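A short worksheet on the structure shown next.
We did not get these values from a lab; they are worked out from the coordinates using the rules stated. Keep in mind that this is a model prediction, so the values were computed, not measured. Glycine also receives a Cβ, built like all others from the backbone with ideal geometry; neighbour counts cover every protein chain displayed.
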Amino acid sequence: KSDLEDMGIFYTYIYTTKPMDALSAIVGELDKMRNTKVSEEELARVKFRAKSNLLCRESSYAFAEGNAGSLLFHGRVISEEEFCAKIDSVTEEDIIEAARDVLDISKATVAITGPKSLRKEVEDMIK
């Protein structure tokens with residue numbers, strides 16, 4: 001298990017004069033993403049792209065970057081065949097499970113520039 005397993009960034013940025021309306025819309029869209037299965041066609045397309053990106057690393061920098069990522073997340077350099085097998089094993093249910101974890105608004109850090117009076121309303125919305 002990697003110390004970096006739960007690291008990452010996902011952000012949404014919007015400039016508006018109605019921050020609570022925007023936050024409400026963002027929370028609603030994230031909720032849809034957490035609860036809507038991807039189609040088999042979309043999953044197949046993403047798998048193809050992920051494997052293509054892996055197999056088409058032409059520069060030594062891209063190759064080194066891929067191996068470094070493998071070391072960080074798996075503790076070893078995994079073969080292209082093993083990586084492709086991992087990609088192929090991903091299911092629609094795996095995507096929903098990951099989305100429910102990654103897009104969990106209660107785990108989010110929310111930053112809004114505006115009056116302090118919004119703080120309580122924002123906190124209530126993301127609970």
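Things worth noting here:
- More than 15 Å apart - percent of Cα-Cα pairs taken over the stretch 15-57: 64
- Taking each DSSP H run with n ≥ 4 as -39500 (n - 2.57) and averaging over every residue of the chain yields -19000 deg cm²/dmol at 222 nm.
- Calculated Rg and Dmax of the chain using C-alpha coordinates, Å: 18.7, 54
- Contour excess over end-to-end distance, with Cα ends at residue 55 and residue 98 and 0.36 nm allotted per residue: 13.0 nm
- Dipole magnitude of the chain about its Cα centre (Cβ charges: Lys, Arg +1; Asp, Glu -1), debye to nearest 20: 480
- Here each label is just a point 7 Å from Cα along the line to Cβ, and for residue 72 and residue 113 those points are 2.9 nm apart.
- Per-pair calculated FRET efficiency, R0 = 30 Å: residue 39 and residue 124 via Cβ, rounded to 0.05: 0.30
- Annotation for residue 14 and residue 105: the two label points, set 7 Å from Cα along the Cα-Cβ direction, are 1.1 nm apart.
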